[in-house]
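My questions all concern the structure below.
Derivation of every value follows stated rules applied to the coordinates shown; laboratory data play no part. From a predicted model like this one, the values you see are computed outputs, not experimental measurements. Here Cβ is always computed from backbone atoms with ideal geometry, including for glycine, and neighbour counts include all displayed protein chains.
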Amino acid sequence: MAKTKIKTPPAQSSEQMPQDIKPMLATLVDKPFDEEGWIYEVKWDGYRAIAYINKGFVEIRSRNNKSFNEKFYSVYDAFLSWDTDVILDGEIAVINDKGMADFSGLQGWRSEADGELVFYAFDVLWMNGQSLMDRPLTDRRAVLEKIIPDEGIIRMSKTFDAKGTEFFAAAERMGLEGIIAKKADSPYIPDSRSKSWLKIKTAQHQEIVIGGYTKNENTSKKFSALLVGLYEDEVFKFLGTVGTGFTDKFQIELLEKLKPLIIPECPFSTVPDFNKPSRFRPNPPKATVTWVKPEVVAEISYRELTPDGAIRHPSFKGLREDKNAKEVVREKPAHTDAVVDEQHQKIAAKPGKMERETLLNPTDETQVRKIGGHDLKFTNLSKIFWPDQGVTKRDMLNYYYQVAPYMLPYLVERPQTLNRFPNGINGISFYQKDVTGKVPDWLETFGYFSEADARQKNFIVANDEASLLYIASLACIEIHPWSSKRASPDNPDWCIIDLDPDKNPFEQVIQAALVVKEVLDAAGIRHYPKTSGSTGLHIYIPLGAKYTYEESKEFGRLIVKIVHAQIPEFTSIERLTGKRKGCIYLDFLQNRPQATVAAPYSLRPKPGATVSMPLHWEEVKPGLKMSDFNIFNSVAKIREQGDIFKPVLGKGIDMEKAIKKLQEMLNS
């Protein structure tokens with residue numbers, strides 16, 4: 001069959017679904033197990049692939065986001081005939097005459113003459129304008145079964161409701177690479193290595209990175225052995241040599257691939273002694289070495305690991321064109337019993353939250369739901385709020401319903417500033433602070449005399465799920481609580497350092513955040529980061545309502561002075577925009593009465609339907625993007641990790657002690 005000309009995506013349709021999804025990965029464990037609530041699949045020996053099909057446009061991408069359209073054109077051709085807009089997760093494999101996946105056959109595949117190519121679909125992430133990632137796996141599988149053909153190149157990866165130990169034993173007998181165990185109720189969490197998905201291998205395999213090759217004197221082979229290693233803490237470390245598993249044809253192809261990467265110096269942190277005698281080869285043949293940039297990833301099989309981590313009896317299995325060199329890690333199986341027990345504890349710790357479904361059905365334009373004893377009427381539900389993604393008011397309300405248990409602790413007893421977008425993010429928006437006479441009687445409010453305009457106002461207070469959803473129903477895309485509660489309105493519960501870029505690259509925002517972290521760590525000040533969901537990052541410091549807004553503001557001023565002194569070339573503490581000269585504004589003035597920022601887990605009225613997401617500090621590193629957290633994937637992430645921002649609501653810091661340390665730093 002002739003290769004099909006690859007289509008260019010239409011500008012509009014390609015923006016209606018999430019793009020560049022990084023797949024959810026499984027955790028390696030050491031043995032099979034028998035537990036209720038898990039289903040099992042074959043671990044296919046192929047390339048992981050995400051398929052995007054949207055209005056005649058097809059894009060098949062590897063896990064490191066490279067296109068497979070040309071390389072596996074017959075899969076691309078098969079998807080061209082689909083009329084369903086969908087994102088599928090699966091594995092591309094070559095099947096031999098025994099019905100087994102043949103990884104070496106996949107390596108050499110150029111056309112149908114080289115073997116039967118198959119796309120095994122095992123998950124569906126998005127379909128016809130709706131994300132499915134936060135639904136249980138069993139629901140997603142039910143959708144998948146309806147859209148995958150009964151025969152052909154696109155196939156359903158079957159699941160088996162069996163005992164894990166028996167299924168694993170069968171996989172060993174058949175010579176399969178291994179099995180995958182998945183929790184039946186698990187959501188899909190992109191770009192994560194989940195413990196709700198586990199892989200158990202029948203043989204020892206390891207991905208490695210090629211750093212060079214040797215050639216023995218008087219050999220007729222193109223090369224004698226590969227010198228391989230792994231990145232550990234950004235350092236490329238030597239792992240060993242691999243000298244078996246190559247055909248003559250493959251040796252020629254591999255050298256062609258490595259030729260542009262040849263370098264004069266050794267890329268390993270220590271130079272390997274490749275001519276060193278051993279017990280088995282006391283007089284090894286003299287070898288010459290060629291070094292290469294460590295960019296090409298391969299997979300090997302081996303018998304065992306030595307106590308110091310070296311690999312014994314490795315054999316080359318094939319190249320991994322679907323993976324980046326710096327993503328490859330030494331695979332150490334976790335203990336199955338501990339991982340499975342952890343999953344049980346996670347469910348027990350959050351009763352009812354893991355199973356929360358959406359609130360509103362996908363069809364009716366007006367719906368009434370009884371929440372907290374109140375009848376809430378939701379209207380205009382198909383109105384598009386985020387045009388580029390086709391996200392509706394219904395989608396927004398469903399999101400807030402699902403995250404309400406995690407979000408409410410940051411809203412309870414706090415007056416709210418309403419920011420309303422009745423016609424979505426591209427329409428006219430307006431702020432509303434005073435709700436006097438404009439909201440139902442059951443909603444709680446807070447009377448407050450505003451010094452700014454010298455009048456009494458009544459702010460709405462979101463004390464429960466019903467009030468949060470009422471606020472959202474007013475087209476408040478983002479939720480803006482005060483930093484203080486109505487019982488102590490002049491005493492904030494946290495101090496915020498708001499990193500607000502101008503036209504700076506986000507990498508500089510990350511750099512600034514890490515400097516803030518260094519300063520706060522050095523002063524012994526607890527602090528917790530989150531994305532703004534817009535362009536910057538927020539860093540919260542718990543105060544426990546022990547200090548005034550004025551004290552919080554001046555505390556923030558002292559912190560940003562120290563930070564600015566360390567990175568003056570791209571940061572500013574000037575309040576007036578014109579004086580910032582395009583630098584990142586280190587904003588401490590959010591620590592004033594009635595000043596607000598988007599709450600943790602709040603949606604933002606920005607392209608991509610982004611979310612203000614709490615982060616672990618390990619996540620604040622180059623490569624982090626605002627688009628990583630959005631309405632499509634955030635519910636699943638929040639459910640998986642729980643509320644990691646909780647310490648912000650805990651015991652406040654000792655500000656006097658902290659200021660003393662900060663002043664010492666400023667004066668040093």
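Would you list Tyr406, Tyr188, Tyr540 from fewest to most Cβ contacts within 10 Å?
Exposure proxy ranking, most exposed first: Tyr406, Tyr540, Tyr188.
Order these peptides, 616-624, 193-201, by their mean beta-carbon neighbour count within 10 angstrom, highest first.
The most tightly packed comes first, giving 193-201, 616-624.
Compute the Cα gyration tensor for the range 123-278, then decide on rounded, prolate or oblate, letting a ≥ b ≥ c be the square roots of its eigenvalues: rounded whenever a/c is under 1.5, prolate when a/b is larger than b/c in the other cases, and oblate in all that remain.
Note, shape of the range 123-278 comes out prolate.
Find, to one decimal place in angstroms, the Kirkwood hydrodynamic radius of the range 367-481, where the mean of 1/r is taken over every pair of different Cα atoms and then inverted.
14.8
Quick one: net charge around Asn458, please, counting Lys, Arg +1 and Asp, Glu -1 for every other residue with C-beta under 13 Å from its C-beta.
Combined, the nearby Lys, Arg, Asp and Glu give +2.
Next question, about the same structure. Where does each of 80-90, 528-538, 441-451 land if you order them by average Cβ count within 10 Å, highest first?
528-538, 80-90, 441-451
Hey, can you rank 637-645, 66-74 by average C-beta count inside 10 Å, highest first?
Per-residue mean Cβ counts within 10 Å order the peptides as 637-645, 66-74.
Give the shape of the range 494-667 as rounded, prolate or oblate, defined through the alpha-carbon gyration tensor: a ≥ b ≥ c are the square roots of its eigenvalues, a/c under 1.5 means rounded, and otherwise the shape is prolate if a/b is larger than b/c and oblate if not.
Verdict is oblate for the range 494-667.
Can I ask one more? Checking the table Lys438/Lys553; Lys199/Lys332; Lys383/Lys433 against a 22 Å threshold on Cα-Cα, which pairs fail?
The pairs that break the limit, which is 22 Å between Cα atoms, are Lys438/Lys553; Lys383/Lys433.
Can you tell me which aspartates and glutamates have their Cα less than 15 Å from the Cα of Lys221? Leave out same-chain residues fewer than eight positions away.
Asp248, Glu253, Glu256
Same structure, new question: Which cross-chain or sequence-distant (5 or more) residues have an amide H under 5 Å from the amide H of Asp134, H modelled 1.01 Å from N in plane?
When sequence neighbours closer than 5 places are left aside, the close amide H contacts are Tyr188.
Under 5 Å between amide H atoms, partner at least 5 residues away or on a different chain: which partners does Phe33 have, H built in plane at 1.01 Å?
Gly164, Thr165
Per-residue ellipticity at 222 nm for the chain, helices alone: DSSP H runs ≥ 4 residues times -39500 (n - 2.57), over residue total, nearest 500 deg cm²/dmol?
Helix contribution divided over all residues of the chain: -6500 deg cm²/dmol.
Which lysines have a Cα less than 30 Å from the Cα of Lys222, not counting those fewer than 8 places away in the same chain?
Lys66, Lys71, Lys237, Lys249, Lys257, Lys259, Lys276, Lys286, Lys293, Lys317, Lys323, Lys326
Another question, if that's okay. Given an 8 Å cut-off on Cα distances and at least 6 residues of separation, report the relative contact order of the chain as a percent.
11
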